[in-house]
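First comes the structure, then the notes that go with it.
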Amino acid sequence: MRVLVTGGNGYLGRAACEALKKAGHVIGIIDVETGRLSEKDTWIRGDLTDHYDAAKAIDVVNPDVVLHLAGCCSVSDSVSFPGVYWRHNVCATSNLCEELLRRYSSSAIVLASSCSVYKEHRDKLSEDWIKEPASPYGMTKLASEMVAESFKPLGLATIVLRFFNLAGAY
């Protein structure tokens, strides 16, 4: 399978790319920074807030699925710079979805979201918990989910993964 990994140079992106390659998939990566993976990987240096860069990545990789990991991820920075978070988390997701469906009548995207979409709590959490983000970061992650979901009727299969704290030795 051909997989376009957005944010492939980040912590989670690098680990995902290595796992996908180990499983035999062909990967292409778009990131604002050039990579740390193999020279054999297809790298597109680009910014998904630009429709042209999103389109270029899709055209170069011709993906069966997109693993969308790109975005801004600091709760404290989102309070200081909310506009940056709305552009990079929401507008970029919208651009990617639009460009995918402009090229394919159906496609699939796996979207990285966050537990920050939920209302703060002390109880055991379930997916049915109230979605009430407490920060601009959480708001943009919830909005990104809604953007991707809005493309479902047009043929975009969508899976949302709400991560909690990522940790590991990668």
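The values are calculated or read from the model by the stated rules, or taken from the named source; none is laboratory data. Values in this document were obtained by computation on a predicted structure and should not be read as measured data. Positions of Cβ are generated from backbone atoms using ideal geometry, with glycine treated the same way; all protein chains shown enter the neighbour counts. Just so you know, the surface numbers come from the protein's heavy atoms only, side chains and all, with ligands and any DNA or RNA stripped out. Shrake-Rupley method; radii C 1.70, N 1.55, O 1.52, S 1.80 Å.
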Would you confirm, using the coordinates I've provided, whether residue 88 is within 18 Å of residue 139 (Cβ to Cβ), free of Cβ contacts under 8 Å to residues at least 60 places away in the same chain and open to solvent by 10 Å² or more (accessible area, probe 1.4 Å)? yes
How many residues does the stretch 119-138 contain that are touching a helix residue (DSSP H, G or I) at 6+ places or on another chain (Cβ under 8 Å) and closer than 18 Å to residue 90 by Cα? 7
Considering only the stretch 1-58, how many residues are in contact with a strand residue (DSSP E or B) (Cβ under 9 Å, 6 or more places away or on another chain) and part of a loop (DSSP other than H, G, I, E, B)? 15
Exclusive hit being at pLDDT below 95, surrounded by 15 or more Cβ atoms within 10 Å (Cβ to Cβ) and either over 17 Å from the mean Cα position of the chain (by Cα) or more than 22 Å from residue 12 (Cβ to Cβ) (or both), set 133, 82: 133
The stretch 17-52, residues that are closer than 26 Å to residue 74 by Cα, among the hydrophobic types (A, V, I, L, M, F, W, C) and open to solvent by less than 20 Å² (accessible area, probe 1.4 Å): 17, 29, 30, 44, 48
So, in the stretch 108-130, of the ones that are of a type in the set (A, V, I, L, M) and in contact (Cβ under 8 Å) with a residue 12 or more places away in the chain, which residue ends up most open to solvent (accessible area, probe 1.4 Å)? 130
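Just need a number here: residues in the stretch 29-53 that are within 23 Å of residue 87 (Cβ to Cβ) and touching a residue at least 12 places away in the same chain (Cβ under 8 Å). Lay out the reasoning, then the answer.
Step one: of the stretch 29-53, the residues within 23 Å of residue 87 (Cβ to Cβ) are 29-35, 43-53.
Of the ones still in play, those that are also touching a residue at least 12 places away in the same chain (Cβ under 8 Å) are 29-35, 43-51, 53.
Final tally of qualifying residues: 17.
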Restricting attention to the stretch 100-117, which residues are touching an Asp or Glu at 6+ places or on another chain (Cβ under 9 Å) and either within 27 Å of residue 1 (Cα to Cα) or aromatic (Phe, Trp, Tyr) (or both)? 103, 107, 108, 111, 113
